[in-house]
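The values are calculated or read from the model by the stated rules, or taken from the named source; none is laboratory data. Predicted model, so just to flag it, every value in this text is computed and none were measured. A quick note on method: Cβ atoms are made from the backbone with ideal geometry, for glycine too, and the neighbour counts reach across all protein chains shown. Each accessible area value is taken on the protein alone, full model and side chains, heavy atoms only, with ligands, DNA and RNA left out. Shrake-Rupley method; radii C 1.70, N 1.55, O 1.52, S 1.80 Å.
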Amino acid sequence: MSVRARAASQGSLEDPDDEVVPYSEDETDDGDQLPEPEPRPAPAAEPGWSFKNKGNAIKTYKYNFLTFLPLNLYEQFKRAANLYFLCLLILQIIPQISTLPWYTTLVPLVLVLGITAIKDLVDDLARHRMDKEINNRRCDVLLNGRFEETRWMNLQVGDVVRLKKNEFIPADILLLSSSNPNSLCYVETAELDGETNLKFKMGLKVTDERLQEEDQLARFNALIMCEEPNNRLDKFVGTMIWDAQSYPLDLDNMLLRGCKIRNTDECHGLVIFAGNDTKIMRNGGKTRFKRTLIDKLMNYMVYTIFGLLVLLCAGLAIGHTYWYESIGSKAWYLYDGLGYSSSTRGFLSFWGYIIILNTMVPISLYVSVEVIRLGQSKFINWDLQMYYADKDTPAKARTTTLNEQLGQIEYIFSDKTGTLTQNIMAFKKCTIKGRTYGDPTSADGVALDRGKPVDFSWNKHADNKFQFEDSFLVSCIRSKKDPQILEFFKLLSLCHTVMVEHKGDELVYQAASPDEGALVTAARNFGFVFLSRTQDTITIMELDHEETYEMLALLDFNSDRKRMSIILRFPDGKIRLYCKGADTVIYQRLDANSQNKETTQEALDIFANETLRTLCLCYKDISQAEFDAWSQKHQAASVSMGNRDEALDLVYEEIEKNLLLIGATAIEDKLQDGVPETIAKLAKADIKIWVLTGDKKGESTMERTVQLRNRQTQRRNDPQGRNKKLKEQFFTESSKNALVITGGWLNEILYEKKKKRRRLRLKKLRKRYTNSSSAPDSSQPVDDWEKEKRQEDFVDMACECSAVICCRVTPKQKANVVSLVKRYKKAVTLSIGDGANDVNMIKTADIGVGISGQEGMQAVMSSDYAFAQFRYLQRLLLVHGRWSYIRMCKFLRYFFYKNFAFTLVHFWFSFFNGFSSQTAYEDWFITLYNVCYSSLPVLLVGLLDQDVNDKLSLRFPKLYLPGQQGSLFNYKNFFISLFHGVFTSLMIFFIPYGAFLQTMGQDGEAPSDYQSFAVVAASSLIITVNLQISLNTSYWTFVNCFAVLGSIAFYFGVMFDIHSAGIHVIFPTTFTFTGAASNALRQPYLWLTIILTVGICLLPVICIQFLHQTIYPSVGDKVQRNRKKYEMEDEEEERKKRKPTFQRGGRSRRSAYAFSHSRGYADLIASGRSIRQRPRVRPELRESIREAPQAENI
């Protein structure tokens, strides 16, 4: 072996597109698989063999010392607003058209660019430090036949590395061997998916036996053929060819970068993917950028303002052309010696007015919006009423750009298991040989009115927390009279992928899903105790004796198969297959002579109506010859590189048939606290909730599907109907309707099949339809138009229902349903889930919410907002979402108003200065108006304002409706702000103008000079806009009051300083309004003018607000009017609830059936060694008497 003999992975010429590689197992593209490799040895020095020596160094930072300034400026000037103001700054440098000093634009532009650049710099410096720390971590690599320490950055593909306990994994590594038996390795994946529970990885049996020592590892010369680098954390496909033998590789053999070695002293591995090719780095790519409706509307409004600006400037330029032609050119005292024609002067005047009126497009708007959003996100994070103390989990706003959209949600798409329910399972009932067990029954089989827990003291391995009320089932088991009952629980103790830890005399089970853990625990209590397992055997205690079974094959569960099987060799040599799964797939595979199918189905329906989760259990005896033939096919499929999963599924199908039914289990999954109340409140807010789940449905939806197909047939029979836009209602009756539909019917309706099959079938259908006079199958669409109409019909029908439940749907179908509602209803959607199977749905919706529950953190890692309980959703939407929407709308309406009022004074002044681009204000006032004089009060309204408090927001969900309707910020509101600004600017210009005409001051001097007029107009404007925001403020605090009064005081303080003689002496050309403020404001006449101007500006607003709230009060106005009464009622209610009350024997609500989407530990079965230690759990208090929780302070 050479100094560094590295295994090279095959790949294509092009790198895969990470955006195309899907995350969900349901979205795999069959076209991306590698061809089947031929078994062949691959020596390290084979001639012509190409090596991919990719380094392991990573680079996540964007800038370095030389590129920061140019690259950051380039990125910032890609924003239209920044580029616009840069162009203005360039125009202001040109003397012929400059009407304002350059600093009036430069100061706010530099402020905006500087704040953003500092933020980007701080973020990038953190990335630099992180990259440096990671790249310089140390690990052991095999060099020259022995392990030497090296930096992570020096690792390359093909290196053999040694990792020790508590070390991070430096690359994507194939596990070869470990210090644990059977090369079992424990890893923590917190940095990968947020989960802190340990995962199990295992090396191949051949590498475990032959690659334990340094010299053995040095001679290792296998060829690894695997998939190309991609971002799929849930899948790996590869084959190891060593000594002319092929061995299948999958994710269970891989140690992924970012994980940490736990409970394993030492392990060895081979680097497969390094650096940016690792899965964690591939997942650090671009994410879907979500924008709010207000964002989009705001951009359109900025474009509208820019259009108005161009029109105004063009009109003023034309006015200047005619004025100069008729007046200016004939006035000798206006001669400037430039010799420009009137049209040239008009052209220059156009650009001059573009500079003057540029504040109509506010540069500080976008920065202010981001500050408000950041503050609102912090309020969500700090909300103690969304903090879940049991798990020490606060609410988390993982994005700062979507807060106001929380106040506009129309549709919520929710997972059920773990989202609406607790995902904590308890075995409640079962049916065996057609008889149902689980209701309160005595040991003699007599039904009881009130049951009591069964005494399991006879079983030393029983779990004390397990509760069951049917004593008759226990007596049947202990008597051993019914072999079917014994076979039922033997199956539960053998057919699973649970890992076991022996902690003293106590058994601790680690299950891939809560369902599986509940079933194995139930078998344990009924006397069939799972004790240990190795890669080849399973040992159980069968009542009073111990038995060991040889495991021949484990056919693991996935969301497509919806079942799992195990093939065992019994001690007497008999081979038997045990299978458990969903009734829909098990019943299709039952033998024709299987008994009790009808009675078991009836029991399943009863269990489903009782909201219990069900699984069917069955078995099959297999001959040795049949197993040998099947085993060869299984081995071939397991090393397949092309479509390995599909090949294994086909092989599994061959053996999983002609099964014999034993019975079915029923598991209870309790609803989370507050779920019914939350759904009821959201429904009152006119938010429609759809449940998209893998659960079993309770009743058929055939009738409505027939309606959909009838409409499709009518369209085909009416070729002219394609141009019709008639909408017919599906439900004529006025009562509320509910739609329950399965994933299978959803496929029929939406025609969502695999891409290749869909294209081929459509092609055949079109060909057959054109070549034959007969109509095609009505269940399949002929073309894309018909497919779209079918989808639209489905959405219309579903939206007419008050409740929609989609059962047995895959993760891809969940995302498709969300996409359809977004596409055809143009509605704002929110998806909420807790598991990896909800990630696609969460990413597809406008808002994604993750619940940190029992299924790990994958949903949280992909979400926009996260918390621990579904009930917090009502507070997130009805309180934080509504407040954020109202605040943002107020902020934008006022922001546009104050800029129109400020800028349009220049427009009116133009009619009195020959349209000469003369400004109406002093230059420094123009510079500081948006930055200092009027920014803080409106910023605080955007951060703190609330029309009613949080309790009333939850008490009156109808307050949420304006957000859904978008009634607080739209083009109507925009033009109202525009006309309000026009009115204010008229008053601010013409009232002082009229007051200055032919007047005389107290000292006998006329105060009607330009500078005094500018001071009066500016003072009137500042007082008006700051008092206007006071009228719009609903929630007053000391900070708001200080901001309004402080802004006015700050304006006068700065103005007197800027107009002082001292600063004029230092900067004579920059500060030219020497003494203007002191001269003007010492005249009582001008103070009266300011008061009159402010009064006339505000009086109509006060009158309109009073009349609107009196004659046309909104729901919010009515609630505000009676706020004191409601607050007193709430206080009285809370006083009553403070007394602790005790409830006896209270029963919790139960959820509906579900089938877990999580994959088991099939290929990770170890030798029965202890898995991770768990902290000792203290005995719980009796649940029969518990203190009722205090009412939540909402």
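For segment 316-338, give me each residue that is more than 28 Å from Cys87 (Cβ to Cβ) and either among the polar types (S, T, N, Q) or open to solvent by 40 Å² or more (accessible area, probe 1.4 Å) (or both).
Within segment 316-338, Glu325, Ser326, Ile327, Ser329, Lys330, Trp332, Tyr333, Leu334, Tyr335, Gly337 meet the criteria.
Output the number of the condition that Asn64 fails; it satisfies all remaining conditions of (1) more than 37 Å from the chain's Cα centre (by Cα); (2) not in a helix (DSSP H, G or I).
The single condition Asn64 does not satisfy is (1).
Here's the yes/no breakdown for (1) of a type in the set (Val, Ile, Thr); (2) open to solvent by 10 Å² or more (accessible area, probe 1.4 Å); (3) without any contact (Cβ under 8 Å) to a residue 40 or more places away in the chain:
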| position | (1), (2), (3) |
| --- | --- |
| Ala859 | no, no, yes |
| Leu873 | no, no, no |
| Arg893 | no, yes, no |
| Phe900 | no, no, no |
| Phe907 | no, yes, no |
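Is one or more of the residues making up segment 182-189 open to solvent by less than 30 Å² (accessible area, probe 1.4 Å), in contact with a Leu (Cβ under 8 Å, 6 or more places away or on another chain) and in a helix (DSSP H, G or I)?
Within segment 182-189 (the criterion being open to solvent by less than 30 Å² (accessible area, probe 1.4 Å), in contact with a Leu (Cβ under 8 Å, 6 or more places away or on another chain) and in a helix (DSSP H, G or I)), the answer is yes, since at least one residue qualifies.
Under 6 Å between Cβ atoms, which residue pairs at least 6 apart in sequence (or on different chains) link something in segment 676-691 that is outside any helix (DSSP H, G or I) with a partner that is among the aromatic types (Phe, Trp, Tyr)?
Ala685/Tyr960; Lys688/Tyr411; Trp690/Phe413
Being in contact with a helix residue (DSSP H, G or I) (Cβ under 7 Å, 6 or more places away or on another chain), surrounded by fewer than 24 Cβ atoms within 10 Å (Cβ to Cβ) and under 20 Å from Asn283 (Cβ atoms) is the filter here; which residues of segment 841-857 pass it?
Selection gives Thr844, Ser852, Gly856, Met857.
Sort out which residues of segment 638-688 are surrounded by fewer than 16 Cβ atoms within 10 Å (Cβ to Cβ) and over 30 Å from Ala553 (Cβ atoms), and write them in order of number.
Pro676, Glu677, Ala680, Ala683, Lys684, Asp686
Out of segment 67-93, which residues are in a loop (DSSP other than H, G, I, E, B) and exposed (fewer than 12 other Cβ atoms within 10 Å of the Cβ)?
Correct list: Thr67, Lys78.
Can you find a residue that is part of a strand (DSSP E or B), touching a Leu at 6+ places or on another chain (Cβ under 7 Å) and of a type outside the set (S, T, N, Q) anywhere in segment 484-491?
There is no residue in segment 484-491 that is part of a strand (DSSP E or B), touching a Leu at 6+ places or on another chain (Cβ under 7 Å) and of a type outside the set (S, T, N, Q).
Cβ contacts < 8 Å: first residue closer than 17 Å to Asn1026 by Cα, restricted to segment 972-988; second residue among the β-branched types (Val, Ile, Thr) and open to solvent by 10 Å² or more (accessible area, probe 1.4 Å), any location; separation 6+ or different chain. Result?
Partner pairs satisfying both residue conditions: His980/Val1101; Met987/Ile1096.
Okay, residues lined up against (1) part of a helix (DSSP H, G or I); (2) on the phi < 0 side of the Ramachandran plot; (3) surrounded by fewer than 20 Cβ atoms within 10 Å (Cβ to Cβ); (4) out of contact with any Lys or Arg (no Cβ under 7 Å at 6 or more places or on another chain):
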| position | (1), (2), (3), (4) |
| --- | --- |
| Cys139 | no, yes, no, yes |
| Phe147 | no, yes, yes, no |
| Gln212 | no, yes, yes, yes |
| Glu228 | no, yes, yes, yes |
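Of the conditions (1) in contact with a helix residue (DSSP H, G or I) (Cβ under 8 Å, 6 or more places away or on another chain); (2) not in a strand (DSSP E or B), Ala625 satisfies every one except a single condition; which number is it?
Evaluating Ala625 over (1) in contact with a helix residue (DSSP H, G or I) (Cβ under 8 Å, 6 or more places away or on another chain); (2) not in a strand (DSSP E or B) leaves (1) as the failure.
Identify the single condition in (1) in a loop (DSSP other than H, G, I, E, B); (2) surrounded by fewer than 20 Cβ atoms within 10 Å (Cβ to Cβ) that Ser917 does not satisfy, given that it satisfies every other one.
That leaves (2) as the condition not met.
May I ask you to list the residues in segment 444-494 that are basic (Lys, Arg), closer than 19 Å to Ile667 by Cα and either free of Cβ contacts under 8 Å to residues at least 24 places away in the same chain or open to solvent by less than 20 Å² (accessible area, probe 1.4 Å) (or both)?
Within segment 444-494, just Lys452 meets the criteria.
Tell me, please, whether a residue that is under 30 Å from Val828 (Cα atoms), at pLDDT 85 or above, in a helix (DSSP H, G or I) and over 32 Å from the mean Cα position of the chain (by Cα) can be found in segment 407-422.
no
Would you confirm, using the coordinates I've provided, whether Asn230 is touching a residue at least 24 places away in the same chain (Cβ under 8 Å) and either under 27 Å from Ile58 (Cβ atoms) or under 37 Å from the mean Cα position of the chain (by Cα) (or both)?
Yes, satisfied.
Within segment 351-358, identify whether any single residue is open to solvent by 20 Å² or more (accessible area, probe 1.4 Å) and under 29 Å from Ala920 (Cβ atoms), and answer yes or no.
Yes, there is a match, as at least one residue in segment 351-358 is open to solvent by 20 Å² or more (accessible area, probe 1.4 Å) and under 29 Å from Ala920 (Cβ atoms).
Out of (1) in contact with a Leu (Cβ under 8 Å, 6 or more places away or on another chain); (2) of a type outside the set (Phe, Trp, Tyr); (3) part of a helix (DSSP H, G or I), the odd one out for Gly994 is which?
Failed condition: (1).
Considering segment 112-137 alone, what residues qualify as being under 18 Å from Gly55 (Cβ atoms), free of Cβ contacts under 8 Å to residues at least 40 places away in the same chain and open to solvent by 70 Å² or more (accessible area, probe 1.4 Å)?
Across segment 112-137, the qualifying residues are Lys132, Glu133.
Being under 21 Å from Glu209 (Cα atoms) and either open to solvent by less than 10 Å² (accessible area, probe 1.4 Å) or charged (D, E, K, R) (or both) is true for just one of Asp250, Asp234. Which residue is that?
After ruling out the rest, the residue left standing is Asp250.
Of these, Val782, Val795, Val804, which one is out of contact with any Ser or Thr (no Cβ under 9 Å at 6 or more places or on another chain) and modelled with pLDDT under 80?
Of the residues listed, the single one that is out of contact with any Ser or Thr (no Cβ under 9 Å at 6 or more places or on another chain) and modelled with pLDDT under 80 is Val782.
Filter segment 1038-1075 down to residues that are under 30 Å from Cys889 (Cβ atoms) and open to solvent by less than 40 Å² (accessible area, probe 1.4 Å) and give me whichever is nearest to the chain's Cα centre (by Cα).
Per the criteria, the residue is Asn1040.
Just to be sure I understand the filter: pairs with C-beta atoms under 8 Å, separated by 6 or more residues or on different chains, first member in segment 360-378 and within 19 Å of Gly114 (Cα to Cα), second member among the charged types (D, E, K, R) and modelled with pLDDT of 85 or more. Which pairs pass?
Ile372/Arg887
Check Leu91, Leu125 and return the single one that is touching a helix residue (DSSP H, G or I) at 6+ places or on another chain (Cβ under 8 Å) and not polar (S, T, N, Q).
Just a single option satisfies the conditions, and that option is Leu91.
Please work out which one of (1) assigned to a strand (DSSP E or B); (2) free of Cβ contacts under 8 Å to residues at least 24 places away in the same chain is the condition Gln216 fails and give its number.
Result: Gln216 fails condition (1) only.
Tell me, please, whether a residue that is under 22 Å from Ala523 (Cβ atoms) and either modelled with pLDDT under 90 or in a strand (DSSP E or B) (or both) can be found in segment 648-659.
For segment 648-659, residues under 22 Å from Ala523 (Cβ atoms) and either modelled with pLDDT under 90 or in a strand (DSSP E or B) (or both): present.
Please work out which one of (1) outside any strand (DSSP E or B); (2) crowded, with 23+ Cβ neighbours inside 10 Å is the condition Cys801 fails and give its number.
Among (1) outside any strand (DSSP E or B); (2) crowded, with 23+ Cβ neighbours inside 10 Å, the lone unmet condition for Cys801 is (2).
Every residue in segment 305-330 that is among the hydroxyl-bearing types (Ser, Thr, Tyr) and modelled with pLDDT of 90 or more, please.
Thr321, Tyr322
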